[in-house]
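The values are calculated or read from the model by the stated rules, or taken from the named source; none is laboratory data. Just so we're clear, the structure is a prediction, and the values are computed from it rather than from any experiment. Note that we place each Cβ from the backbone using ideal geometry, even for glycine, and neighbour counts take in every protein chain shown. What goes into the accessible areas is simple: the full protein's heavy atoms, side chains included, and nothing from ligands, DNA or RNA. Shrake-Rupley method; radii C 1.70, N 1.55, O 1.52, S 1.80 Å.
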Amino acid sequence: MKHCIIIALASLLYVGCNNYEDFEFTGIVVDYQECTGITDLGYAIKLSAPDTIGGEYMTRDTVLYNNVVVVFGADRFLHKGDNVSGRIYLDPNYSKTECYYHYNQNVPEARFTKLKVIK
């Protein structure tokens with residue numbers, strides 16, 4: 001009986017694990033989007049690397065950028081013009097499942113796993 005309980009608990013832990021493949025990125029912050037409020041933001045980042053995964057993004061200043069990804073889960077506030085690097089993973093349904101506010105931007109969504117602001 002003990003073995004059955006241990007196996008059941010282990011399988012629950014396994015199911016609860018996040019399976020994602022993060023990758024390195026570099027880019028510049030061009031805009032932000034509110035998720036659940038002003039302290040929970042997604043950042044529109046024009047990627048310089050990788051250069052093939054982003055989409056077209058129109059900022060609130062009506063500037064069109066290519067190769068943009070909206071990334072959530074920053075451990076600090078970022079500002080327009082910040083050069084950033086680190087690691088992210090794609091999470092295509094993040095804003096649909098986690099945010100109160102939704103935007104009609106056709107760009108990939110991602111989450112930070114490591115973030116560095118380049119000075």
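If you go through segment 53-81, how many residues are more than 18 Å from residue 38 (Cα to Cα) and open to solvent by less than 70 Å² (accessible area, probe 1.4 Å)?
First, pick out the residues of segment 53-81 that are more than 18 Å from residue 38 (Cα to Cα): 53-58, 61-69, 81.
Adding the requirement that they be open to solvent by less than 70 Å² (accessible area, probe 1.4 Å) leaves 53-55, 57, 63, 65, 67-69, 81.
The total comes to 10.
Within segment 41-66, the set of residues being charged (D, E, K, R) and under 18 Å from residue 116 (Cα atoms) comprises 46 only. Scanning segment 33-52 for residues that are open to solvent by 50 Å² or more (accessible area, probe 1.4 Å) and hydrophobic (A, V, I, L, M, F, W, C) returns a single hit, 38.
Could you check segment 71-119 and list, in sequence order, the residues that are in a strand (DSSP E or B) and acidic (Asp, Glu)?
If we filter segment 71-119 for residues that are in a strand (DSSP E or B), which is where we start, we get 71-72, 83-90, 109-118.
Answer for segment 71-119, where residues must be in a strand (DSSP E or B) and acidic (Asp, Glu): just 109.
In segment 92-119, of all residues being of a type in the set (S, T, N, Q) and surrounded by 12 or more Cβ atoms within 10 Å (Cβ to Cβ), the one that is modelled with the lowest pLDDT corresponds to 105.
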